Structure formats: structure tokens, C-alpha cells
Amino acid sequence: MRLSTILLFLCVTLITTVSCGQKNKGKNEADTAETVALNVIKLKADTALKNALSKQLLNIYEDDQKYRQQVEGTFLKYGFKSKEIKELASQMNHMDSLNLVKVQTILAQYGWLSPSLIGQDGNSALFLVIQHADAKTRLKYLPMIRLAVQNKAARASDLAAMEDRILTNQGKKQIYGASISLNRETGKYSLDPLEDPGHVDERRAKVGLGTLSNHLAKFGLVK
């Protein structure tokens, strides 16, 4: 068999394999979307299931916030290098890992559920757990929350906060001024680098956020 014939055969085989792989991927994604849609329909029709899921997400929301609400007070009392802070951080990280497993299971089964189905705290739990996860996880779910915002199943302000954190982690300038960093040595907050600061309040208003000045004031900062 001539070399040119062999190369042609290999090329056709590769193209066919890639094409089949793409078709299978598309079919799998369509099947997954259909399954999720059916699960949501069942959820809407089952009050007991909906209430149980709402309660689970409310518990996740409370667990997510429980240790974070203790950080400032613990820092002021013991300092950031104290064993108390380290223990608190360990508890928070452990809880975050448990919550992430639960939320990923829910998202895989139902997608990003709207507040009308699971309540605002339940909807916030989905966002907070993904927001507090690692950078790779945030990037994975970014398209899902973007679609949820388009479908009015998530708040644009939550998406803005996630996009800002992703940009900051990538060493880029944030868009909305949602990302604030805490210096562990001094205990002082600072606004992460911001794109076009002169028009930030216009951008914030479009996603339902208040002025940057009001946001910064919560951290003792001045615009």
C-alpha cells in the first residue's frame, strides 16, 4: 500500500472518530439537560420533596455562614496568627468541602434552582458554596450561573461577585468592585484592582448593586 494511501486512510479515520466523539458529546449533553428538566418538573409537583430540598439548602446556607461570622471577632480578640483563627479556618474549610459535595449533587440533579422553588436563602446557598470553592470549581459553574441569571433563576449581583473573584484570581482587574482583600498581617481591607473606576457605579447599578462607596464603607474603606 502506498504511503499516500495510508496517510489518507489515517486522516479519514481520525476525522470520523472526532466527528463521532463530538456527536456523542452533544447527545450526552442533550440527554443530561432533558433529565435535569424532568427532575425539575417532578420537584415542582412534589411539595414534600421541594420542602425537604429547601430545608437542606437552608441548612447549607447557615453552615456556610456560621464560621465566617466568627472571623472578625476572633481576629480582633486573638489576631490572625493565633491558634484560634487557625482552628476556625480549619472548621470553615471542612464545612465548605462538605457543602460543596451536597451542592454539586443538587446542581447535577436539578440545575440552578430559582428562589421561587427553594427560597432566596436556598438560592443564595447555591451561589455561596460555589463562590467559596476553589478557582477551578468557580470556572466550571460560571456558565451555569450565567444561564440562570438569563432565566431569572439567579441574581445578577451574585454573578457579578463571582466574575469579579474569578478575574481577581486570574490577576486581572475586576469589573464591579465586589472583590475585597484582607491583609492577614495588618488586618486591613483593600479594594482589589478595578477596571475603569470612573464608571463602576453605572456597572454596579445594572446588576442591582449599590454604590461602590457604600460597599467600601462596610469594610472601613473610602472610595
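The values are calculated or read from the model by the stated rules, or taken from the named source; none is laboratory data. Since this is a predicted model, take the numbers as computed values, not measurements. Cβ sites come from the backbone with ideal geometry, for glycine too, and all protein chains shown count toward neighbours.
Taking first residues from the stretch 197-223 that are without any contact (Cβ under 8 Å) to a residue 40 or more places away in the chain and partners that are part of a helix (DSSP H, G or I) and acidic (Asp, Glu), the Cβ contacts under 8 Å between residues at least 6 apart in sequence or on separate chains come to 211/201; 212/201. Residues in the stretch 53-83 that are loosely packed, with under 14 Cβ neighbours inside 10 Å and in a helix (DSSP H, G or I) were compared, and the one that is farthest from the chain's Cα centre (by Cα) is 77. Cβ separations smaller than 8 Å between residues 6+ apart or across chains give the following pairs from the stretch 116-133 residues that are among the hydroxyl-bearing types (Ser, Thr, Tyr) to residues that are modelled with pLDDT of 95 or more: 124/61; 124/158. Counting only residues that are crowded, with 17+ Cβ neighbours inside 10 Å and under 23 Å from residue 52 (Cα atoms), the stretch 118-144 holds 12 of them. Residues in the stretch 166-178 include none that are at pLDDT 95 or above, exposed (fewer than 13 other Cβ atoms within 10 Å of the Cβ), within 30 Å of residue 47 (Cα to Cα) and under 16 Å from the mean Cα position of the chain (by Cα).
Considering 198, 187, 210, the condition of being more than 27 Å from residue 40 (Cβ to Cβ), part of a loop (DSSP other than H, G, I, E, B) and at pLDDT 95 or above is satisfied by 210 alone.
Number of residues in the stretch 63-97 that are closer than 25 Å to residue 122 by Cβ and out of contact with any Asp or Glu (no Cβ under 8 Å at 6 or more places or on another chain): the value is 13.
Cβ-Cβ contacts under 6 Å between residues 6 or more apart (or on different chains), taken from a first residue in the stretch 169-191 that is more than 29 Å from residue 76 (Cα to Cα) and in contact (Cβ under 8 Å) with a residue 24 or more places away in the chain to a second residue that is of a type outside the set (Lys, Arg) and part of a loop (DSSP other than H, G, I, E, B), are listed as 175/195.
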